[in-house]
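Chemist: This is the structure I want to talk about, given as C-alpha cells.
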Amino acid sequence: MRLQLILAAASFSTLANAQEMAKVDDRAAVYQDTDHTTIVTNNVAARATPGKHLDVEARYLVDVISTASVDVISAATTRFNEVRHEAEGGVGWHDDDAKLDASYVFSTENDWTSHTANGGYTQDFAHHQVTLHVGGTAVSNDVGRSGDANLHRQLWVGGGSAGLTFVLSRRDLLDLSYTLAYSSGYQASPYRYVSFDGSPIALGAPENVPDTRARHAVTLRWNRAAFEHSAFRSHVRGYWDDWGVTSITAGTEYVTGFGPSWELGAFVRGYAQTHAWFYAPSYPTVETYMTADRELATFVDGFAGLRLGWHRERASATFSDLRADFRVSAFDFEFFDFPRLRERQGVLGEVAFGVSF
C-alpha cells in the first residue's frame, strides 16, 4: 500500500517526504512538426540542501529553434533560426509542515529578454492530510525585432495561484487550484501580418491586439492508486480570458511499476478552445484590433505517448540514487478558422538522466 500511495502522489509536492540530498538532472528533447519547425532543448538542473531546512537550486536551459512556419513566411522570411538561453536560481526554506521558496529567471534571445521573479508558500495541515499552496510571479519583458534596432516594446505580467491538496484516502489524492495572470504592454508579434478580402496571403498590415489581458484557470487533479504498483494520474483544466478565449483541457496517465526499478506510463491529453473576439481569418478593412495568430483561432489538439522510467536507490558508494526517464509523444492540431494552416502533426522525444549524492 505504501508503494501505491507513492505512485498516486508522485506528481504532487509533499513536504513530509522531503529528502536532504544533492541532485543533478539533465533532460534533452527534440520536437518536430509538419509546419517545418524543429526545436532541440537541453535543460540541466541541480539542487542541494546545505542545511537542515535550506534548499538551493539552479537551472540552465537552451533552445535551438529552426522554423519555416506560416508565421515566419507571412513576414516574408524563408526560414528563421533562433537560440534561447534561460537561467534560474532559487532558494527555499522548509520544515516538516511548511515551505517557503523564491526564484529568479533570466531568459534571452536575439529579439526578447525576460526577467521573472517567483515566490511560493506551502503549508501542511491535519497531519499532512491537507496542503495549502500559494504562489506569485512578476515578469518584465523587453520585446524587439530581429534586424530592426528601432523597435523596442515592453510587456509586464503579474499573477498568482492558490490551491489545496487533499489526501482523500490511502489510494486517492485530489488537488484543486486557481490561477490568475494579468498582462500589460505589447502582446502582438512584430513578425505577423494579417490578410484582407478572404485572401490567405498576407498583404502587409501588421497585427495589433489589446494592450491588456486577464487570464483565469481552474485545475483539478486526481491521482488514484488502482491495482498493485499502479496508478492513474488525471487532470481537467478550464480557462477563460477577457479576449474571449475559453478552453478545456483533460488528460490522464496510467503508470505501473514492474521489477525492482522500472516504471511504465501511457498518457493521453486533449485540448479545445474558442477564438478571441477580435480574431478573423481575414479582415474586410483595417480594424483597431487584428491578429494572424493561430493560437487565438479556434482549434483542438490531442497528445498521446509512452514513458519509461528507471530508478535505482543506493546505486553505489558515490551515488545514493540513479534515475533515467525516456518518453515519446505524438500530437495533432486541427485549426477550424485559420486558412494558412488547417492542421499540424508532430512528435516529441525526451530523454533524462539524474543522480543524487
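Chemist: Could you please give the count of residues in the stretch 285-324 that are in a strand (DSSP E or B) and within 20 Å of Met21 (Cα to Cα)?
Modeler: 8
Chemist: Let me ask something else. Applying the selection to the stretch 109-130, what residues are open to solvent by less than 40 Å² (accessible area, probe 1.4 Å), farther than 21 Å from Lys52 by Cα and at pLDDT 95 or above?
Modeler: Thr113, Ser114, Thr116, Val130
Chemist: Name the residue that is farthest from Val300 (Cα to Cα), counting only residues in the stretch 259-279 that are among the hydroxyl-bearing types (Ser, Thr, Tyr) and open to solvent by less than 30 Å² (accessible area, probe 1.4 Å).
Modeler: So, considering only residues that are among the hydroxyl-bearing types (Ser, Thr, Tyr) and open to solvent by less than 30 Å² (accessible area, probe 1.4 Å), the one farthest from Val300 (Cα to Cα) is Ser261.
Chemist: Checking Phe326 against (1) within 24 Å of Tyr254 (Cβ to Cβ); (2) open to solvent by less than 30 Å² (accessible area, probe 1.4 Å); (3) out of contact with any Phe, Trp or Tyr (no Cβ under 6 Å at 6 or more places or on another chain); (4) among the aromatic types (Phe, Trp, Tyr), which test does it fail?
Modeler: Status for Phe326: all satisfied but (2).
Chemist: Regarding Asp175, is this residue part of a strand (DSSP E or B), in contact with a Phe, Trp or Tyr (Cβ under 9 Å, 6 or more places away or on another chain), under 30 Å from Phe227 (Cβ atoms) and at pLDDT 95 or above? Full working, then the answer.
Modeler: Numbers: part of a strand (DSSP E or B): yes; in contact with a Phe, Trp or Tyr (Cβ under 9 Å, 6 or more places away or on another chain): yes; under 30 Å from Phe227 (Cβ atoms): yes; at pLDDT 95 or above: yes.
When the stated conditions are applied, Asp175 passes them.
Chemist: Could you check the stretch 335-356 and list, in sequence order, the residues that are outside any strand (DSSP E or B) and without any contact (Cβ under 8 Å) to a residue 60 or more places away in the chain?
Modeler: Phe336, Phe338, Arg342
Chemist: Has the stretch 306-314 got at least one residue that is buried (at least 17 other Cβ atoms within 10 Å of the Cβ), within 26 Å of Ala28 (Cα to Cα) and among the acidic types (Asp, Glu)?
Modeler: Looking for residues that are buried (at least 17 other Cβ atoms within 10 Å of the Cβ), within 26 Å of Ala28 (Cα to Cα) and among the acidic types (Asp, Glu), one finds none in the stretch 306-314, hence no.
Chemist: Which one of these does Asp332 not meet: (1) part of a strand (DSSP E or B); (2) open to solvent by less than 20 Å² (accessible area, probe 1.4 Å)?
Modeler: That leaves (2) as the condition not met.
Chemist: Please determine whether any residue of the stretch 259-269 is more than 25 Å from Arg224 (Cα to Cα) and over 21 Å from the mean Cα position of the chain (by Cα). Before the answer, list the steps.
Modeler: Residues of the stretch 259-269 that are more than 25 Å from Arg224 (Cα to Cα), as a first pass: none.
No, there is no match, as no residue in the stretch 259-269 is more than 25 Å from Arg224 (Cα to Cα) and over 21 Å from the mean Cα position of the chain (by Cα).
Chemist: For residues that are among the basic types (Lys, Arg) and open to solvent by less than 60 Å² (accessible area, probe 1.4 Å), tally how many sit in the stretch 335-357.
Modeler: Our first condition is that a residue be among the basic types (Lys, Arg); within the stretch 335-357, this holds for 340, 342, 344.
This time we only want the ones that are open to solvent by less than 60 Å² (accessible area, probe 1.4 Å), so: 340, 344.
Final tally of qualifying residues: 2.
Chemist: On the basis of being modelled with pLDDT under 95, open to solvent by 70 Å² or more (accessible area, probe 1.4 Å) and in a strand (DSSP E or B), does His152 make the cut?
Modeler: So His152 passes the test.
Chemist: Would you tally the residues in the stretch 259-282 being among the polar types (S, T, N, Q) and assigned to a strand (DSSP E or B)? Even if it seems obvious, please write down each step before you answer.
Modeler: Filtering the stretch 259-282 down to residues among the polar types (S, T, N, Q) leaves 261, 273-274, 282.
After this cut, where a residue has to be assigned to a strand (DSSP E or B) as well, the list is 273.
Number of matching residues: 1.
Chemist: So which of Ala68, Ala76 is exposed (fewer than 14 other Cβ atoms within 10 Å of the Cβ), modelled with pLDDT under 95 and closer than 30 Å to Asp332 by Cβ?
Modeler: Result of the check over Ala68, Ala76: Ala76.
Chemist: Another question about this same structure. Can you find even one residue in the stretch 137-144 that is open to solvent by less than 60 Å² (accessible area, probe 1.4 Å), in contact (Cβ under 8 Å) with a residue 40 or more places away in the chain and part of a loop (DSSP other than H, G, I, E, B)?
Modeler: no
Chemist: With among the aliphatic types (A, V, I, L, M) and touching a His at 6+ places or on another chain (Cβ under 7 Å) as the only criterion, which of Leu322, Leu348, Leu296 stands out?
Modeler: Leu296
The values are calculated or read from the model by the stated rules, or taken from the named source; none is laboratory data. Computed from a prediction, not measured in an experiment: that's the story for all the values here. For neighbour counting, all protein chains shown are included, and Cβ atoms are generated from backbone atoms with ideal geometry for every residue, glycine included. Keep in mind that these areas ignore ligands, DNA and RNA; they rest on the heavy atoms of the full protein, side chains included. Shrake-Rupley method; radii C 1.70, N 1.55, O 1.52, S 1.80 Å.
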